[in-house]
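Only one structure is covered here, and it is reproduced in the block below.
The values are calculated or read from the model by the stated rules, or taken from the named source; none is laboratory data. Please read all numbers here as calculations on a predicted model, not as lab measurements. Note that each Cβ is placed from the backbone with ideal geometry, even for glycine, and that neighbours are counted across all protein chains shown.
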Amino acid sequence: MSSDLHLHDTTFIVLDLETTGASPQNGSAITEIGAIAVRGGVVLGEYSTFVNPKSPIPEYITNLTGITDEMLAGAPEIGSAFAEFLQFLEVHGDDTQAHLVAHNAPFDLGFLRAAAKNLSCPWPKFEVVDTVKLARLLIERSEIANYKLGTLSQFFNTSALPNHRALDDVKTTVEVLHRLLERLAGYEVETAQELRQFMKRTPRDILGASRIRGFGP
């Protein structure tokens, strides 16, 4: 990996999924994939697709996302959608330099890794940035009610608003990521390697260390 790559020169592929439930282990499936590749604040590419889960969507999921069975009836199944998504990853960043970004990354990556396993397809070993974890390191609990995407969107006054649709939530996460990266400058975190080291810390570590203050929402 190019360990000294500056954050401004690092490709971040921000992604989000919508699903039929909470976990692939209980039979839940992907219904929508959204992703945006950015570097230095510039959008390099965008990907979005519905995915036919081949099972009815629970009513509470439809109420949450607005996605209906009718909307997914003609959508590609996971095999072809996943292949297209992997192509998007390959085009916009190889796994030696690009970082995958997601809000609550274990959820999204859990579904993607399960899909890769079910399709007997290797999952690329990207570095991962979880904006929930990064926000917890950079925003004190006294500053914010919680670290949900909607709350962070309000905190940073993002132009894109989350609505439980994959690409819209990705656009919000991109803005949140950029605002969090701005805050990293106060910790003298300037490279991808320094970001990865910073992500290994805990909020207690941060609070216990001297740091530059003065950031506003």
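Here is how the numbers come out for the structure above:
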quantity	calculated
Criterion: within 21 Å of Ile30 (Cβ to Cβ), of a type outside the set (D, E, K, R) and assigned to a helix (DSSP H, G or I) - qualifying residue of Ala135, Ala185, Ala116	Ala116
Residue within the stretch 48-64 that is out of contact with any Gly (no Cβ under 6 Å at 6 or more places or on another chain), aliphatic (A, V, I, L, M) and without any contact (Cβ under 8 Å) to a residue 12 or more places away in the chain present	no
Any hit, the stretch 79-87, residues being touching a helix residue (DSSP H, G or I) at 6+ places or on another chain (Cβ under 6 Å) and of a type outside the set (Phe, Trp, Tyr)	no
Residue list for the stretch 119-151, filter: hydrophobic (A, V, I, L, M, F, W, C) and under 19 Å from Tyr187 (Cα atoms)	Val129, Val132, Leu134, Ala135, Leu137, Leu138, Ile139
Count of the stretch 74-93 residues which are in a loop (DSSP other than H, G, I, E, B) and either in contact (Cβ under 8 Å) with a residue 24 or more places away in the chain or surrounded by 16 or more Cβ atoms within 10 Å (Cβ to Cβ) (or both)	3
From Pro124, Pro162, residue being closer than 21 Å to Ala98 by Cβ, assigned to a loop (DSSP other than H, G, I, E, B) and out of contact with any strand residue (DSSP E or B) (no Cβ under 6 Å at 6 or more places or on another chain)	Pro124
Identity of the residue in the stretch 87-116, within 19 Å of Gly45 (Cα to Cα) and of a type in the set (Gly, Ala, Ser), that ends up modelled with the highest pLDDT	Ala102
Exclusive hit being modelled with pLDDT of 95 or more and surrounded by 17 or more Cβ atoms within 10 Å (Cβ to Cβ), set Leu180, Leu161, Leu119	Leu180
Single residue of the stretch 122-138 satisfying the filter (at pLDDT 95 or above and within 14 Å of the chain's Cα centre (by Cα)) that is nearest to Thr173 (Cα to Cα)	Thr131
Which listed residue, of Val129, Val101, is part of a strand (DSSP E or B), buried (at least 19 other Cβ atoms within 10 Å of the Cβ) and in contact with a His (Cβ under 8 Å, 6 or more places away or on another chain)	Val129
Single unsatisfied condition, Glu46 versus (1) more than 15 Å from the chain's Cα centre (by Cα); (2) surrounded by fewer than 19 Cβ atoms within 10 Å (Cβ to Cβ); (3) of a type outside the set (Phe, Trp, Tyr)	(1)
